[in-house]
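One structure below.
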Amino acid sequence: MSALTIFLKEFIDLLRDRRALFSGLAYVAFGPAAVLLTVNMLAAQTRETSYAPIKFCGAQSALLAQELTAAGLSFDPKASICVNVPDDLEARLAEGRSARVHVRGDLTAQASTIRKVESTLARFSSTLGGQRLLARGVSSSVASPLTVDTQTTNSFSRQADIIARVLIILFVMAPFFVAVAAAADMTAGERERRSLEPLLAHPVGAFSIVMGKWLAAATLGVAGTAACIIGGLALLEHSSLAELGIRLETGLEAGLTVTLYLVPLTLLVTALQIAVGLWSKNFKDAQSYLMLMSFAPAVLGFVMTGERLAQAGLWPLAWELAALSGPLLKSTTPSAPFAMVVAIELALTFTVLVVCAFRLRSEAILSR
Amino acid sequence: MITGEGLRKRFGAVTAVDGFSFAAQDGAITTLLGGNGSGKTTTLRMIGGLIKPDAGSVVIDGADVSQARRRALSRLGMLHDEFGLYPRLTVVEHVRFAGQLYGLSGRKLSTAVEGAVDALGLHDIRNRFAAGLSHGQRMKTALARTIIHGPRNLVLDEPTRGLDVFSVRVLRELLKRFRADGVCLLMSSHAMAEVMELSDRLIVIDKGRLVAEGAPAEIIARGGGGDLEAAFLNLTGVAA
């Protein structure tokens, strides 16, 4: 009963706390939006589009212009990609000598056009070289002992793998970010504004106080995580993930399954946030420690991949990072049974809350 | 009635309270008088069950705070020196929350909330958030929260500190009313005028030990006459 009273008070307080709500909602709103923008930007870069125009800077070469135009490139005096050839290019070529050609441009923004110019010039150079050898009675194969033929089965596989991993990390990070300010405020904040002492002087058990606070933070955590996942997937349905080779399940069923998978972790993470808050001297300290803690999924998600992640089995966080690829990517990677993970994470949550209750009963918590 | 017997508390190398005993009777205002670091706040925290004595015991209406914490605290109302209000809760929400923590519900809770709001004259500001209250209004809100369950024992840690003359007057009248109702009042204070005006008994504490105990006139006499301030300084050895 006391825990419920404290939960209701904390929840009302939380709904009026603009700082905590903004902090939680910012991740829910901006996290998926940032991924959507990145994905669409990457897809736009990868997409087959018409090449940017090019120009000769300095001397002109009708021969190269003909080759480049035939390869689908166009010339425009205002173009920013510039092909610089020596004045005597055609004379040197006719005499069987070599010539240096410079291609200048923004490799990050115009990579596909520059690569096209390079490959066209390399092919022209190779053809010309072969003709010169033939004219001297030497087969062109003498100069090319190896012919490499590459066939890519999926040119986006690595990029797709990284983006899929980022998506999973984004969702697993939600429980860490959503309730961070709320948990800090109802623990370290309470201590800082000196309202903890009057609260502890009531005939209420320390565990009831911890439970009430945890329930309030966890409610926000679960609601925010669900909103982040379901809203995020709805947003990503309009993304260009498919063009990058990622088949993401964006339906409500996938959203609800992912949310369900993250509920036990959210409860555990919120309990840990309450613990960190109770051990922090003030709100700022708590927020700093909790922000550091929030990056745990990102660190683990990039360090542990593939088999190492699968071997992590029942470890909290590692399980979620591995298991979320099931509902999101229809991956068949085996993971430990959900029921076991629920049992382990709930047991850990209870243990953390008991430790928090001991902390609340300790005299050290009242020291200034 | 609140009694403390052989209370001892150390924080590392510092002995805050050293074998201190006292008794605060029902229907009387007992004041703990002591300088900074004398052990007053530590004693009050032991009464409120916030810290445990290394030795000795505190008993409230027959319930030992260490052994029957909930029963003891349900008989006690405690006003803390910094009030500890929640900036985003209204005055009436504070009072209601405290009532619920004392186990009140339904009609009993509503009646108690209205009674506390009435007693402190909080009608005009009942729906205002604590963040916008003046110091006096904050004290009244905290006091309303303290008396919501009709405690038979009240502990007040420097209740008049920072209050304007109007708020002091309201508080003074309220404490006198509680005394007339037979409530045991134990407070700590630095304000000598308040102490003389309100106190039935004084307990002078210094370095965690009992220095003198008695009615204000007795303390003045034991301290060499004059006024309470001079007597207090004499008894604690500061005057020398």
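The values are calculated or read from the model by the stated rules, or taken from the named source; none is laboratory data. All values derive from a computational prediction rather than experimental measurement. Cβ atoms come from the backbone with ideal geometry, glycine included; neighbour counts cover every protein chain shown.
Could we say that residue A:119 is modelled with pLDDT of 85 or more, surrounded by 14 or more Cβ atoms within 10 Å (Cβ to Cβ) and outside the structural domain of residue A:173 (by TED's automatic domain parsing) here? Steps first, please.
Numbers: modelled with pLDDT of 85 or more: yes; surrounded by 14 or more Cβ atoms within 10 Å (Cβ to Cβ): no; outside the structural domain of residue A:173 (by TED's automatic domain parsing): yes.
Here the answer is no, as residue A:119 does not meet what is asked.
Apart from one condition, residue A:86 fits all of (1) without any contact (Cβ under 8 Å) to a residue 40 or more places away in the chain; (2) loosely packed, with under 13 Cβ neighbours inside 10 Å; (3) not assigned by TED's automatic domain parsing to the domain that holds residue A:172; the exception is (2).
Any idea how many residues of the range B:176-219 are in a loop (DSSP other than H, G, I, E, B) and closer than 15 Å to residue B:25 by Cβ?
We begin by selecting, within the range B:176-219, every residue in a loop (DSSP other than H, G, I, E, B); these are B:181-183, B:190-191, B:199-200, B:207-208, B:215.
Narrowing further to those that are closer than 15 Å to residue B:25 by Cβ: B:181-183, B:199-200, B:215.
Total satisfying the criteria: 6.
Examine the range A:31-41 for a residue that is among the small types (Gly, Ala, Ser), within 14 Å of chain B (Cβ to nearest Cβ), surrounded by 15 or more Cβ atoms within 10 Å (Cβ to Cβ) and not in a loop (DSSP other than H, G, I, E, B), and state whether such a residue exists. No, because not a single residue in the range A:31-41 is among the small types (Gly, Ala, Ser), within 14 Å of chain B (Cβ to nearest Cβ), surrounded by 15 or more Cβ atoms within 10 Å (Cβ to Cβ) and not in a loop (DSSP other than H, G, I, E, B). For the range B:49-65, a tally of residues being among the small types (Gly, Ala, Ser), surrounded by 15 or more Cβ atoms within 10 Å (Cβ to Cβ) and more than 8 Å from chain A (Cβ to nearest Cβ) returns 3. Filter the range B:49-64 for residues that are among the charged types (D, E, K, R) and closer than 13 Å to residue B:3 by Cα and give the result. Selection gives B:61, B:64. Scoring residue A:353 on the criteria (1) assigned to a helix (DSSP H, G or I); (2) surrounded by fewer than 19 Cβ atoms within 10 Å (Cβ to Cβ); (3) hydrophobic (A, V, I, L, M, F, W, C) leaves a single failure, condition (2). Number of residues in the range B:77-97 that are under 18 Å from the mean Cα position of the chain (by Cα) and at the interface with another protein chain (Cβ under 7 Å from one of its Cβ atoms): the value is 5.
Taking each residue of the range A:180-205 that is away from chain B (no Cβ under 11 Å) and touching a residue at least 60 places away in the same chain (Cβ under 8 Å) and looking for partners that are β-branched (Val, Ile, Thr) and buried (at least 23 other Cβ atoms within 10 Å of the Cβ) with beta-carbon atoms closer than 7 Å, six or more apart or interchain, yields A:183/A:270; A:183/A:274; A:187/A:274. Considering the conditions (1) at pLDDT below 85; (2) β-branched (Val, Ile, Thr); (3) over 34 Å from the mean Cα position of the chain (by Cα), residue A:127 is excluded by exactly one of them, (1). Taken together, the residues in the range A:328-343 that are crowded, with 18+ Cβ neighbours inside 10 Å and modelled with pLDDT of 85 or more amount to 1.
Quick check on the range A:324-340. Is at least one of its residues within 17 Å of residue A:207 (Cα to Cα) and touching a residue at least 60 places away in the same chain (Cβ under 8 Å)?
Initially, the range A:324-340 is screened for residues within 17 Å of residue A:207 (Cα to Cα), giving none.
No, the range A:324-340 contains no residue that is within 17 Å of residue A:207 (Cα to Cα) and touching a residue at least 60 places away in the same chain (Cβ under 8 Å).
Can we say residue A:360 is within 14 Å of another protein chain (Cβ to nearest Cβ), part of a helix (DSSP H, G or I) and surrounded by 13 or more Cβ atoms within 10 Å (Cβ to Cβ)? Yes, satisfied.
Yes or no: residue B:74 within 11 Å of chain A (Cβ to nearest Cβ), polar (S, T, N, Q) and in contact with a Phe, Trp or Tyr (Cβ under 7 Å, 6 or more places away or on another chain)? Lay out the reasoning, then the answer.
Numbers: within 11 Å of chain A (Cβ to nearest Cβ): yes; polar (S, T, N, Q): yes; in contact with a Phe, Trp or Tyr (Cβ under 7 Å, 6 or more places away or on another chain): yes.
The answer is yes for residue B:74.
Look at the range A:5-20 and say how many of its residues are closer than 19 Å to residue A:212 by Cβ, out of contact with any Ser or Thr (no Cβ under 7 Å at 6 or more places or on another chain) and part of a helix (DSSP H, G or I). The qualifying residues number 10. With respect to the conditions (1) more than 15 Å from residue A:195 (Cα to Cα); (2) surrounded by fewer than 20 Cβ atoms within 10 Å (Cβ to Cβ), residue B:81 falls short on a single one, namely (1). Apart from one condition, residue A:300 fits all of (1) surrounded by fewer than 18 Cβ atoms within 10 Å (Cβ to Cβ); (2) without any contact (Cβ under 8 Å) to a residue 40 or more places away in the chain; the exception is (1). Take the conditions more than 10 Å from chain B (Cβ to nearest Cβ), at pLDDT below 90 and over 15 Å from the mean Cα position of the chain (by Cα) and apply them to residue A:156. Does it pass? Here the answer is yes, as residue A:156 does meet what is asked. Scanning the range A:125-146 for residues that are over 23 Å from residue A:64 (Cα atoms) and part of a helix (DSSP H, G or I) turns up A:141, A:142. Looking only at residues in the range B:175-212 that are among the acidic types (Asp, Glu) and crowded, with 16+ Cβ neighbours inside 10 Å, the one that is farthest from residue B:80 (Cα to Cα) is B:206.
In the set (1) in contact (Cβ under 8 Å) with a residue 40 or more places away in the chain; (2) part of a helix (DSSP H, G or I); (3) farther than 21 Å from residue A:218 by Cα, the condition left unmet by residue A:281 is number (2). If you check A:106, A:87 for being in a loop (DSSP other than H, G, I, E, B), of a type outside the set (Gly, Ala, Ser) and modelled with pLDDT of 85 or more, only one passes: A:87.
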